[in-house]
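Asks: Pasting in a structure now, in structure tokens, and then I'll have a few things to ask.
Bear in mind that the values in this text are calculations on the coordinates, not laboratory data. Since this is a predicted model, take the numbers as computed values, not measurements. As a convention, Cβ positions derive from the backbone with ideal geometry for all residues, glycine included, and neighbour counts pool all protein chains shown.
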Amino acid sequence: MQLSCPMPKFDFDVITLGHGSGGLLTHKLLQSGVFDILKNELLDQQHDGASFTLNGPVAFSSDSYVITPAFFPGGNIGELAINGTVNDLAMCGAVPKYLSLAFIIEEGLTMKEFWEILVSIKEATQKANIKIVTGDTKVVERGKGDKIFINTSGIGLIHPKANIHHNNIEPGDQVIISGNVATHGIAIMSVRKGLEFETTIESDTVNLNHTIEKLLDRFGNDIKFLRDPTRGGVASVLNEVAELTSLGFELDQKNIPVDEQVDGACEMLGLDPLYVANEGLFIAVVKQSIADAFVAALRADENGANAAIIGEATTEHPGKVLMKSRVGGRRVVNYLTGEQLPRIC
């Protein structure tokens, strides 16, 4: 990895239990590392909390990241943690503003790895235009963790034109996916299983807040629902919404975008792309009259080149998701059962 910020001189090559003691080593780690690279006027207060003013309705989200491996094609746990919580706020129709950042580090993590994670966090916050304002660092004994776990919590202001809620969905509303499904999950599996492809499959982890903000500016409350299909994939999200709304969903398999290599890997591994985790795309349910314009706007955005309408809401088969196959048959798409891809985010 080509680091955009040079690594400072640390007293140790690896994280030790002393770095979590709250004493001198903790102080040096935070001062030379976290506070220096992530500095802003709120974090510079170096308090256990942060004080700021927000005007208007807010959204709040929290998530923990335990992905293995911590470094994967296309990213690492650091940027994944920032993008994941930023995107959760965006799916609420919010403009993300502030994040907390907490590390649980396993003794023995190298300082080089920790610095790479910090650099990726800094770059992700800059891209998302969000500030880290408070946090925490703990160290656990070797063998009690898996290199590093991260928790991020975020707060954002609800966009003035946003009205995102599953209760807004009506029969005939169109289901749109913003890009190719299953890419993140297969990127992780390619590392774990040693799979080789003609080109490297990379995670699609990216912040989506700027894309969502532009769509809300233009389409407002004609956007009924938003969700990023992470664990459990597209199938689990739509099953959840069908259950909550007592509506059904009809999908068309031929319209669901999947990278050819990802599709081949899924077939080889016996995985259904609809259940594989994603990190850089979202599902939108929108009013039928704006669906084509919504897709066109998405395709003009860097985060939506492969956007497509993949189905619609219906009063038929309430609470269920059905899919028309490429050859014309229909099948029920149930919830994911069991754990298809462990430690994916």
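Asks: Tell me the Rg and the Dmax, in Å, that the Cα atoms of the stretch 132-177 produce.
Replies: For the stretch 132-177, the Cα-based Rg and Dmax read 19.8, 54 Å.
Asks: Same structure, new question: Rounded to the nearest 5, what is the percent of antiparallel bridges among the DSSP beta bridges in the chain?
Replies: Roughly 75 percent of the beta bridges in the chain run antiparallel, per DSSP.
Asks: Pairs of lysines 8 or more apart, or on different chains, with alpha carbons under 23 Å: count those in the stretch 17-158, would you?
Replies: 24
Asks: Could you work out the relative contact order of the stretch 1-105? I mean the mean sequence separation of Cα pairs under 8 Å and 6+ apart, divided by the number of residues, in percent.
Replies: On the way: 43 pairs, mean separation 17.1, N = 105.
RCO, the stretch 1-105: 16 percent.
Asks: Moving to a separate point now. Would you mind computing the Rg to Rh ratio of the stretch 1-155 from its alpha-carbon coordinates, Kirkwood style for Rh?
Replies: Rounded to two decimals, Rg over Rh is 0.95.
Asks: Taking the Cβ of Val14 as the center, what net charge do the other residues with Cβ under 12 Å away carry, scoring Lys and Arg +1 and Asp and Glu -1?
Replies: Details: positive: Lys112, Arg142, Lys147; negative: Asp11, Asp13, Glu106, Glu107, Glu113.
Neighbour charge sum, excluding Val14 itself: -2.
Asks: Can you give the Rg to Rh ratio for the stretch 166-332, taking only C-alpha atoms and Rh from Kirkwood?
Replies: Rounded to two decimals, Rg over Rh is 0.96.
Asks: At 222 nm, what helix-only mean residue ellipticity would the chain give, in deg cm²/dmol to the nearest 500, using -39500 (n - 2.57) for each DSSP H run of four or more?
Replies: Only helices count here, giving -8500 deg cm²/dmol.
Asks: So for the pair Glu316, Lys28, with labels modelled 7 Å out along Cα→Cβ, what separation do we get in nm?
Replies: Distance between the two pseudo-spin positions: 6.9 nm.
Asks: Select from Leu226, Ile164, Cys5 the residue farthest towards the positive end of the dipole of the chain; place +1 on Cβ of Lys and Arg, -1 on Cβ of Asp and Glu, and compute about the Cα centre.
Replies: Toward the positive end, the furthest listed residue is Ile164.
Asks: While we're looking at this one, here's another question. When only DSSP loop residues count, what GluC sites (Glu not before Pro) in the stretch 173-263 have their Cβ near at most 11 other Cβ atoms within 10 Å?
Replies: Glu196, Glu198
Asks: Most exposed first by the Cβ proxy, i.e. fewest other Cβ within 10 Å, how do Val139, Val58 rank?
Replies: Going from sparsest to densest Cβ surroundings: Val58, Val139.
Asks: Hey, got the dipole for the stretch 1-100? About the Cα centre, +1 on K and R Cβ, -1 on D and E Cβ, debye to the nearest 20?
Replies: Dipole of the stretch 1-100, to the nearest 20 debye: 60 debye.
Asks: Need one number for the stretch 256-303: average projected area of the convex hull over its C-alpha atoms, nm².
Replies: On the way: hull surface 16.8 nm².
Seen from a random direction, the Cα hull of the stretch 256-303 projects 4.2 nm² on average.
Asks: Provide, for q = 0.34 Å⁻¹, the log10 of I(q)/I(0) from a solvent-free Debye sum over equal Cα point scatterers in the stretch 295-334.
Replies: The Debye formula, applied to the Cα set alone, gives -1.12.
Asks: Taking Cα centroids, how far is the stretch 8-56 from the stretch 159-187 in Å?
Replies: Measuring centre to centre over Cα atoms gives 37 Å.
Asks: Quick check on the chain: what are the equivalent-ellipsoid semi-axes from the Cα gyration tensor, as sqrt(5λ), descending, whole Å?
Replies: Details: eigenvalues 270, 115, 52 Å².
Working from the Cα gyration tensor, I get semi-axes of 37, 24, 16 Å.
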